[in-house]
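Participant: Here's a structure for you.
The values are calculated or read from the model by the stated rules, or taken from the named source; none is laboratory data. Source: prediction; values computed, not measured. Here the Cβ is made from the backbone with ideal geometry for all residues, glycine too, and neighbour counts use every protein chain on show. Side chains are part of the model used for accessible areas, which takes the heavy atoms of the whole protein and leaves out ligands, DNA and RNA. Shrake-Rupley method; radii C 1.70, N 1.55, O 1.52, S 1.80 Å.
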2 protein chains.
Amino acid sequence: MQLVDFRKTDITDGFWQKKVDLVSEVSVFNVYKRFKETGRFDALSCNWKKGDRNEPHIFWDSDIAKWIESVAFILEKRKNPELEKYVDEAINTIADNQEECGYFNSCYQVHDKPRWSDRTDHELYCAGHFVEAAVAYYRATGKRKLLDVMEKYLEYIRIVFMENKSASFITPGHEEIELALIKLYELTDNKKYLEMCSFFIDNRGNETDVEYPGVAHKYSQSHLPVRQQKTAEGHCVRACYLYTAMSDLARITGDADLLDSCKSIFNDIAERKMYITGGIGSSGRGEAFTIPYDFPDLTAYSESCAALSLAWFAQRMLLIENDSKYADVIERILYNNALSSISLDGKAFFYVNPLAIRTYLLNRNTSQENTSEWLPQTQRKEVFDCSCCPPNITRFIASVADFLYTCDKNTLYVHQYINSSTETDKFTVSQKTDYPNNGTVEIKAEGVGTVALRIPGWCDNYSVSVDGKEIVPEIINGYVYIRNNGSVINLELDISPFIVYPSSKIRDYIGRAAVQRGPVVYCAEGVRNDFNIMTFRLDRKTDFSEILCETCGSYMLVANGKIPVESDRLYSRDAEQFTDAEIKLVPYYAFANHGESDMEVFMYYY
Amino acid sequence: MQLVDFRKTDITDGFWQKKVDLVSEVSVFNVYKRFKETGRFDALSCNWKKGDRNEPHIFWDSDIAKWIESVAFILEKRKNPELEKYVDEAINTIADNQEECGYFNSCYQVHDKPRWSDRTDHELYCAGHFVEAAVAYYRATGKRKLLDVMEKYLEYIRIVFMENKSASFITPGHEEIELALIKLYELTDNKKYLEMCSFFIDNRGNETDVEYPGVAHKYSQSHLPVRQQKTAEGHCVRACYLYTAMSDLARITGDADLLDSCKSIFNDIAERKMYITGGIGSSGRGEAFTIPYDFPDLTAYSESCAALSLAWFAQRMLLIENDSKYADVIERILYNNALSSISLDGKAFFYVNPLAIRTYLLNRNTSQENTSEWLPQTQRKEVFDCSCCPPNITRFIASVADFLYTCDKNTLYVHQYINSSTETDKFTVSQKTDYPNNGTVEIKAEGVGTVALRIPGWCDNYSVSVDGKEIVPEIINGYVYIRNNGSVINLELDISPFIVYPSSKIRDYIGRAAVQRGPVVYCAEGVRNDFNIMTFRLDRKTDFSEILCETCGSYMLVANGKIPVESDRLYSRDAEQFTDAEIKLVPYYAFANHGESDMEVFMYYY
């Protein structure tokens, strides 16, 4: 199976084109501005001295790298000399300050700490992100400078870790370089990079692998050799970057044990450890996976980067196995946690994506401390101290077309329904749809072979017609397979709103249910309703009415239910009295765009 | 109105006599043993030196004092030379180590810190508890030694605070001495102590009152002059000890402004800030009152001492105003939060009393830290580091008869239904009942006047008969008033189990309800049920069956409802399926006596 990557695919117009435009025209500039203001770009000059403002931080190189990669992805589709100039300046500065041996780290080079002495630091992580950026920028512009810098750096890393073994640890404390090495291998075909990737993956969790200081081994997936790991554990972003590289490696090398771990871990996440929004990480402690079926909504961690990393893991699995469960997870992330992490104006970002907000708790100050300190942020911010998410979101959206199509010799797989055109060896494809706003999809594939369309897991009513004639298609692992000879294929998905019931194994939502319309999860927001949304009980037989919402680019919903008549008695033998009420729901991704407000995804129902 | 205090009242047998016996025969010895082992008694010798084990702590004197007071209360009812010997030894040590000026503090006397330099320390708090102990021990035994020591100490305190004003603060950081001064005033009739109490109360919250360092003024009720305080704020035990003394002072002096504050604060607690168990303090941060209607169950703080302090505040209000709301709150505390704080075997104690336990969260370790650190303890412990609760509970239960009766010139008020006999100027009273196990109460009051019986707030069906003849009694503010001339009065309270619905203003229990039988709040425990209690939905039309439980001295209940059929799909369009189920409920006070277990007071219902 091959990825039909975003460079071959054009998103033509509609819902996602607007998001790509927003990222290309607003977000990437806003992130640049804030990175400039906070000293991240200046740090590349490696001339910070004690006492100066803006002390370089060990994460900063990765922020810059992801921003460069975002620009590279944007430049693939549209010229932008201003952005290109910014990147070239940064790359020149990096090249000028690369050490003779190849080392580059804007934080370590201005601090006294010995290199490769601390696994908790992010030297290899930053190097990995720079490698990704170098590959992307070379592909977009043909400019080799950053690529050369990074190939030199990697050779130095190879000598330190694989030849001299002179670092104080064997595998990175924060995985990332593994998947970057795969990208470089796929660009250069140089086996050295595949070997380096194998080295870091194969040594992880071995007895000789150094403990991640201060925390349990699980935190950095070092508790077991990777081929014995069968569940998702520890810090979510670390974990999914590792799993992404593991599945890359399994695909390339055909390593069955490694693949078995990837499959098992993916199922553990998708079936037991993933929020309805596609978010992962139920606990802020360690930003980590916890136990199965553990989905607190108020304190949901659901870090933006974690959801993105899961999408990339799922995307790699799609290259190995044609099962819609992977694309279903990607879709869940795309329309929910990924989009919620960026504001509708493209300027601000969530690090953490809660599934409920109760503003009264923010005012629940005790006289000593504020209990809200363990509550997630309730408004997006323009770049924060630990700003991994903003440039991660921009590179994710700029390359979102990566998730649409894969192909093998005979078959084109259509995983996501987004207005687009693309080309494979067999087909010239155009897809027309207003998805997710409606469920009509038209696909025209010039060429002879098979077209496979994903039937989304949420959809229980659909029809397929070929050249205007309805067919009863064969479904295998969530895809309908259609023999094609330049036909017009129409897929009609019933996208009407429905109620989603959580498993009774989830203790966090007892008595509550959520609402979806197609792949879009909805939420109630206090600012849109003139009663306390928490007290609303949804009538599970409700009809939904739909109102087009210009600002969020999709539909608001109105549902029926009841709200209690307020009672002053704290505890009473008299049962609550109710009055009928209507509740307005907005797409989850659009919450917190109208000021501080209560919010709830899972509502009590009757 | 006068208190008919516990020294005049004998609890004769039944539910509470067993508790008093347990405290007198087990708990007080167990607490002694643990205080001995931890160095609290040795500390009184004031010879600890740096490097020695068991460094004296600023709270320790108060632990000893409350333990002495517990023994004094026990000795009022039964001889116990062993306990008396322990107390005399402790008092001798205190007297031997009192300084010339009168100062005694086993912690300060072995540390370098200047006296009266730090309002966060508990010098006046410890002194206050010693004063209470001295009054109680003198009353029980006629022995003056501790009383003399404390009167000398108080004179020194008066000079430091009121004459020389040489302390670095004006009012104590932790209130307690105020109510102790009232007790000493009522014993000695020495106005000096009333003036000292007024001094500390009147100066609290004035502009000149020193800020409690590091925390907001509200923490120590120093945010406003007390007569302007109308809501319950800050650290709950501090607050209620202050309110207790304020109501004492208002009663004695007739200060209408002070009384108005007391009434308003009491209503704020009883109507907006009290758990169904009588607990107060919704947040562990600052052990404090938070906003109205804020009752998290899993993270309920509900400190044992806080509930006790509220009972004392309510008891003082009963001496001012004949309104059953005060005795209702006392009853709620007696049968729930007060009793839950001590194990059924009398040996172990809760500091914090949660209203729900979800054991799976205790195992929700992330690889970095355990999220359970913000969860309350789930099992009682034998004395802990900050051991204010154990000796507070022993003194509370040993003097529980203090809550039964008050009287004025003509009327005997019966507030609590407990097997007992007592005497007032007018009446010789005997009360026979098996309350709370059944609702039949027989009261015989030899003498002529009025007998007033409280109709509990939870009771919606009752009858009264006098000498076998049912009457239709007048009810004023929750009491039925019966003209009496040596009659046998029978009160029949319908004590059958019922469902309690929380106000819809409480966001923590939406869709959930509790069960009470009489004043006893029930809970579901995992160890008693073979399904996941959290998923149980109570049929609100259920009948209850009752099973006598020997170990907890009351009834278990069985109720009907349904539990969901487990579903593996995380999120599904299919609604939950249910099967019928019965749930066993135990009195809340008896929870956590059978090992680690899930527990829930508020259950989902339909």
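Participant: When the stretch A:467-517 is examined, which residues are found to be open to solvent by 30 Å² or more (accessible area, probe 1.4 Å), at pLDDT 95 or above and within 14 Å of chain B (Cβ to nearest Cβ)?
Facilitator: A:D494, A:S496
Participant: Would you check which residues across the stretch A:251-281 are open to solvent by less than 10 Å² (accessible area, probe 1.4 Å) and either modelled with pLDDT under 95 or among the small types (G, A, S) (or both) and list them?
Facilitator: Hits for the stretch A:251-281 are A:S261, A:G278, A:G279, A:G281.
Participant: Something else: Among the residues of the stretch A:319-351, which ones are open to solvent by less than 10 Å² (accessible area, probe 1.4 Å) and among the aromatic types (F, W, Y)?
Facilitator: A:Y326, A:Y335, A:F349, A:F350
Participant: Being outside any loop (DSSP other than H, G, I, E, B) and either closer than 26 Å to A:Q516 by Cβ or among the aliphatic types (A, V, I, L, M) (or both) is the filter here, so list the residues in the stretch A:273-293 that pass it.
Facilitator: A:S283, A:A288
Participant: The conditions are (1) surrounded by fewer than 19 Cβ atoms within 10 Å (Cβ to Cβ); (2) assigned by TED's automatic domain parsing to the domain that holds B:A136, and B:D5 fails exactly one of them. Which is it?
Facilitator: Failed condition: (2).
Participant: Would a scan of the stretch B:540-550 turn up a residue that is assigned to a loop (DSSP other than H, G, I, E, B) and in contact with a Ser or Thr (Cβ under 8 Å, 6 or more places away or on another chain)? Reasoning before the result, please.
Facilitator: Going through the stretch B:540-550, the residues assigned to a loop (DSSP other than H, G, I, E, B) turn out to be B:540-544, B:550.
Now drop any that are not in contact with a Ser or Thr (Cβ under 8 Å, 6 or more places away or on another chain), which leaves B:544.
Taking every residue of the stretch B:540-550 in turn, at least one turns out to be assigned to a loop (DSSP other than H, G, I, E, B) and in contact with a Ser or Thr (Cβ under 8 Å, 6 or more places away or on another chain).
Every residue, every condition in (1) at pLDDT below 95; (2) assigned by TED's automatic domain parsing to the domain that holds B:K77; (3) surrounded by fewer than 18 Cβ atoms within 10 Å (Cβ to Cβ), yes or no:
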position	(1), (2), (3)
B:D148	no, yes, yes
B:E151	no, yes, no
B:M162	no, yes, yes
B:G173	yes, yes, no
B:G205	yes, yes, no
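Participant: What residue, among those in the stretch B:352-370 that are open to solvent by 30 Å² or more (accessible area, probe 1.4 Å) and more than 8 Å from chain A (Cβ to nearest Cβ), is modelled with the lowest pLDDT?
Facilitator: B:L362
Participant: Follow-up. Inside the stretch A:110-145, can you point out the residues that are open to solvent by less than 50 Å² (accessible area, probe 1.4 Å), part of a helix (DSSP H, G or I) and charged (D, E, K, R)?
Facilitator: Those that are open to solvent by less than 50 Å² (accessible area, probe 1.4 Å), part of a helix (DSSP H, G or I) and charged (D, E, K, R): A:E123, A:E132.
Participant: Right, something else. Looking only at the stretch A:518-539, how many residues end up being assigned to a loop (DSSP other than H, G, I, E, B) and either more than 10 Å from every other protein chain (Cβ to nearest Cβ) or touching a Cys at 6+ places or on another chain (Cβ under 9 Å) (or both)?
Facilitator: Counting residues in the stretch A:518-539 that are assigned to a loop (DSSP other than H, G, I, E, B) and either more than 10 Å from every other protein chain (Cβ to nearest Cβ) or touching a Cys at 6+ places or on another chain (Cβ under 9 Å) (or both) gives 6.
Participant: Let me ask another. Within the stretch B:540-557, take every residue that is surrounded by fewer than 16 Cβ atoms within 10 Å (Cβ to Cβ) and either of a type in the set (S, T, Y) or under 22 Å from A:A575 (Cβ atoms) (or both) and give me the one that is farthest from the other protein chains (Cβ to nearest Cβ).
Facilitator: B:T551
Participant: Working carefully through the options B:A288, B:A314, find the one that is hydrophobic (A, V, I, L, M, F, W, C) and over 17 Å from B:G478 (Cβ atoms).
Facilitator: B:A288
Participant: Are any residues in the stretch B:8-22 open to solvent by less than 30 Å² (accessible area, probe 1.4 Å) and free of Cβ contacts under 8 Å to residues at least 24 places away in the same chain, and if so, which ones?
Facilitator: If the condition is that a residue be open to solvent by less than 30 Å² (accessible area, probe 1.4 Å) and free of Cβ contacts under 8 Å to residues at least 24 places away in the same chain, then no residue fits.
Participant: Does A:M150 satisfy being without any contact (Cβ under 8 Å) to a residue 40 or more places away in the chain and under 22 Å from A:R395 (Cα atoms)?
Facilitator: Taking the combined requirement at face value, the residue satisfies it.
Every residue, every condition in (1) under 23 Å from the mean Cα position of the chain (by Cα); (2) crowded, with 17+ Cβ neighbours inside 10 Å; (3) at pLDDT 95 or above, yes or no:
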position: B:E442; (1), (2), (3): no, no, yes
position: B:A452; (1), (2), (3): no, yes, yes
position: B:P456; (1), (2), (3): yes, yes, yes
position: B:S463; (1), (2), (3): no, no, yes
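Participant: Check A:R285 against each of (1) of a type in the set (K, R); (2) touching a helix residue (DSSP H, G or I) at 6+ places or on another chain (Cβ under 9 Å); (3) touching a residue at least 12 places away in the same chain (Cβ under 8 Å); (4) open to solvent by 30 Å² or more (accessible area, probe 1.4 Å) and name the one condition it does not meet.
Facilitator: Against the list (1) of a type in the set (K, R); (2) touching a helix residue (DSSP H, G or I) at 6+ places or on another chain (Cβ under 9 Å); (3) touching a residue at least 12 places away in the same chain (Cβ under 8 Å); (4) open to solvent by 30 Å² or more (accessible area, probe 1.4 Å), A:R285 comes up short only on (3).
Participant: All but one of (1) under 23 Å from A:K505 (Cβ atoms); (2) open to solvent by less than 20 Å² (accessible area, probe 1.4 Å); (3) in contact with a helix residue (DSSP H, G or I) (Cβ under 6 Å, 6 or more places away or on another chain) hold for B:V521; state the number of the condition that does not hold.
Facilitator: The one condition B:V521 does not meet is (1).
Participant: Would you confirm whether or not the stretch A:472-486 contains a residue that is outside any helix (DSSP H, G or I) and under 30 Å from A:E566 (Cβ atoms)?
Facilitator: No - not one qualifying residue is present in the stretch A:472-486.
Participant: Would you be able to tell me the number of residues in the stretch A:569-606 that are open to solvent by 40 Å² or more (accessible area, probe 1.4 Å), of a type in the set (F, W, Y) and part of a strand (DSSP E or B)?
Facilitator: 2
Participant: Let me ask something additional. Looking at (1) more than 13 Å from every other protein chain (Cβ to nearest Cβ); (2) open to solvent by 10 Å² or more (accessible area, probe 1.4 Å); (3) not aromatic (F, W, Y), which one does B:P296 not meet, given that it meets all the others?
Facilitator: (1)
Participant: Take the conditions under 22 Å from A:V520 (Cβ atoms), within 14 Å of another protein chain (Cβ to nearest Cβ), in contact (Cβ under 8 Å) with a residue 60 or more places away in the chain and assigned to a helix (DSSP H, G or I) and apply them to A:A306. Does it pass?
Facilitator: Yes.
Participant: Within the stretch B:371-431, considering only strands (runs of 3 or more DSSP E) that don't extend past its boundaries, which have at least 1 residues that are within 18 Å of the chain's Cα centre (by Cα) and buried (at least 24 other Cβ atoms within 10 Å of the Cβ)?
Facilitator: B:405-407
Participant: In addition: Among the numbered criteria (1) touching a strand residue (DSSP E or B) at 6+ places or on another chain (Cβ under 8 Å); (2) of a type outside the set (S, T, Y); (3) more than 8 Å from chain A (Cβ to nearest Cβ), which single criterion is violated by B:A288?
Facilitator: Against the list (1) touching a strand residue (DSSP E or B) at 6+ places or on another chain (Cβ under 8 Å); (2) of a type outside the set (S, T, Y); (3) more than 8 Å from chain A (Cβ to nearest Cβ), B:A288 comes up short only on (3).
Participant: Yes or no: A:R528 touching a Phe, Trp or Tyr at 6+ places or on another chain (Cβ under 8 Å), touching a residue at least 40 places away in the same chain (Cβ under 8 Å) and open to solvent by 10 Å² or more (accessible area, probe 1.4 Å)?
Facilitator: Answer is no for this residue.
Participant: Can B:N190 be described as over 26 Å from the mean Cα position of the chain (by Cα), modelled with pLDDT of 95 or more and under 19 Å from B:S261 (Cβ atoms)? Talk me through it step by step, then tell me what you get.
Facilitator: Numbers: over 26 Å from the mean Cα position of the chain (by Cα): yes; modelled with pLDDT of 95 or more: yes; under 19 Å from B:S261 (Cβ atoms): no.
In short, no.
Participant: Checking A:F104 against (1) in contact (Cβ under 8 Å) with a residue 60 or more places away in the chain; (2) closer than 24 Å to A:D148 by Cβ, only one condition comes out false. Which one?
Facilitator: Here A:F104 meets the rest and fails (1).
Participant: Right, here's the next one. Filter the stretch B:551-568 down to residues that are over 33 Å from the mean Cα position of the chain (by Cα) and outside any strand (DSSP E or B), then give me how many there are.
Facilitator: Going through the stretch B:551-568 one residue at a time, the tally reaches 4.
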